[in-house]
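Right, one structure below, let's go through it.
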Amino acid sequence: MQQRKLGLKGPAVSAIGLGCMGMSDFYGPADRGESIATIQAALDAGITLIDTGDFYGMGHNEMLIGEALKSRDRDSVTISVKFGALRDPGHGWLGYDSRPAAVRNFLAYSLRRLGVDHIDIYRPARLDPDVPIEDTIGTLADLIREGYLRYIGLSEVGSQTLRRAQAVHDISDLQIEYSLLSRGIEADILPTCRELGIGVTAYGVLSRGLISGHWSHGRAKAQDFRHYSPRFQAGNLETNLALADLLAVAGRKIGASPAQLAIAWVAAQGAGIVPLVGARRRDQLDEACRALEVNLSADDLAALAKVFPPGIAAGARYPDSQLHHLDSERR
């Protein structure tokens, strides 16, 4: 497995990471046994970056990962955890909390659920508008000195917040959506990351399955986030699936599946970018890992950029209610 370094002062991790969210939440039911087998298969394949959030399944995802890692060498795995999202018993959303006391509380529960004595990369899931980012980063820096954390990351924040955070403590990476259908970070956020020496862990590289080559009409059920996602709504969906068809055509020319081509494109955007793949099954994981075998020429990249220019996707990447919480979307 190839390695990439997250930022100037972040950890070296596998060239792709495994995002475990869908094993516990947002995409409908998942098979527990298959989820654990997939995490372990990822480790066997050389994937060292495992990403989760303490609110994925209200702790279920962390416990799942903890079980999968029980028989593994803890120090060979880089565990990345998002914190701060507040949920109610009905799985609804109550906002975000990044107060110093709350950060310590969230961390204590995550350590117990994961069964570890430290977390490698810890990051607020979203910017808390009521807490200065300097206060949150300062607390995380204290927790590094106390031995509970190794690195600090951020998620879905804009350039101004990146600069303010970096002034307090080195930031290893920004976790943010980046794909052929979501290229918004290229205008300002990605250049800022490069200027500051901050890596990028890119999620949504398959646009939640939309450009995977496996999506079909009617798959999103009521318990699936995609049932509410603007890009999966009637009208938008047809436009986006037509783009997915174009990706499939491009993939056939170089012997790659649409999913492999989409992952390879993200990986080709820079050595400091690590795509996160949300595989819930071993067959999906195997397909994703083979993306590392796809070598894109300058002509290939230029052709894809022409077919998928920034803003080509139909529909926003989140519903309006969730876009409101994205510091990365503020202009």
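The values are calculated or read from the model by the stated rules, or taken from the named source; none is laboratory data. Keep in mind it's a predicted model, so treat the numbers as computed, not measured. Here Cβ is always computed from backbone atoms with ideal geometry, including for glycine, and neighbour counts include all displayed protein chains. Just so you know, the surface numbers come from the protein's heavy atoms only, side chains and all, with ligands and any DNA or RNA stripped out. Shrake-Rupley method; radii C 1.70, N 1.55, O 1.52, S 1.80 Å.
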P(r) of region 210-327 over all Cα-Cα pairs, 10 Å bins starting at 0, rounded to whole percent, reads 12, 39, 38, 10, 0
Going by amide H atoms built from the backbone, whose H comes under 5 Å of the H on residue 119, apart from near neighbours? 149, 150
Residue with peak Gaussian network fluctuation, the chain [Cα springs, cutoff 10 Å], from 264, 42, 30: 30
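Under 4 °C and 1.567 mPa s, how fast does region 42-94 diffuse according to Stokes-Einstein, given a Kirkwood radius computed over C-alpha pairs? Answer in µm²/s, whole number.
Details: Rh = 12.2 Å.
Answer from the Stokes-Einstein relation: 106 µm²/s.
Just to confirm the filter: which trypsin sites (Lys or Arg not before Pro) across region 1-65 are DSSP coil and have at most 16 other Cβ within 10 angstrom of their Cβ?
Working: sites: 4, 5, 9, 32; in loops: 9.
Passing sites in region 1-65 are 9.
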Take the Cα atoms of region 3-65, find their three principal axes, and give me the spread along each one in whole Å, biggest first. 37, 24, 18
Over all Cα pairs of the chain, how is the pair count split among 10 Å bins, expressed in % and running from 0 up to the last occupied bin? 6, 27, 37, 24, 5, 0
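Multiply the residue separation of residue 144 and residue 242 by 0.36 nm, subtract the distance between their alpha-carbon atoms, and state the gained length in nm to one decimal. The partial results should precede the final answer.
Working: separation 98, 0.36 × 98 = 35.28 nm, distance 4.69 nm.
Fully extending the segment from residue 144 to residue 242 adds 30.6 nm.
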In whole percent, how big is the carbon plus sulfur part of the accessible area of the chain, probe 1.4 Å, protein atoms only? 51
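Antiparallel as a % of all DSSP beta bridges within region 42-141, to the nearest 5? Before the final figure, lay out each step's value.
Values: 3 of 12 bridges.
Of the beta bridges lying entirely in region 42-141, close to 25 percent run antiparallel.
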Across the chain, how many lysine pairs, 8 or more apart or on two chains, come within less than 28 Å at their alpha-carbon atoms? 6
By how many degrees, between 0 and 90 and to the nearest 10, does the Cα long axis of helix 298-307 differ from the longest principal axis of the chain? 90
On full extension of the chain, what length is gained from residue 109 through residue 75, given 0.36 nm per residue of separation minus the C-alpha to C-alpha distance? 10.2 nm
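Starting from the Cα coordinates of region 60-147, work out the convex hull volume and express it per residue in Å³.
Values: hull volume 8.2 nm³, N = 88.
About 93 Å³ per residue, rounded to a whole number.
How much of the DSSP bridge set in the chain is antiparallel, in percent, rounded to the nearest 5?
Working: 8 of 35 bridges.
About 25 percent, rounded to the nearest 5.
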Mind putting together the pair-distance distribution for region 1-143? All Cα pairs, 10 Å bins, whole percent per bin, short to long. 11, 40, 36, 12, 0
Taking placed amide H atoms and a strict 5 Å upper bound, the residues 5 or more places from residue 179 or on another chain that come that close are none
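Could you work out Rg/(2.2 N^0.38 Å) for region 142-253, with Rg from alpha carbons only?
Working: Rg = 17.9 Å, N = 112, 2.2 N^0.38 = 13.2 Å.
So the Cα radius of gyration is 1.35 times the expected 2.2 N^0.38 Å.
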Quick one: accessible area per residue over region 248-331, 1.4 Å probe, rounded to a whole number of Å²? 50
Give me the accessible area of residue 63, 1.4 Å probe, in Å² rounded to the nearest 10. 100
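Need one number: the % of Cα-Cα pairs in region 231-283 sitting beyond the 14 Å mark. Numbers along the way, then the final one.
Values: 889 of 1378 pairs.
That fraction is 65 percent.
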In nm, to one decimal, how far is the residue 37 label point from the residue 227 one, both placed 7 Å along Cα→Cβ? 2.7
Cα-based Rg and Dmax for region 264-331, in Å, come out at 15.4, 40
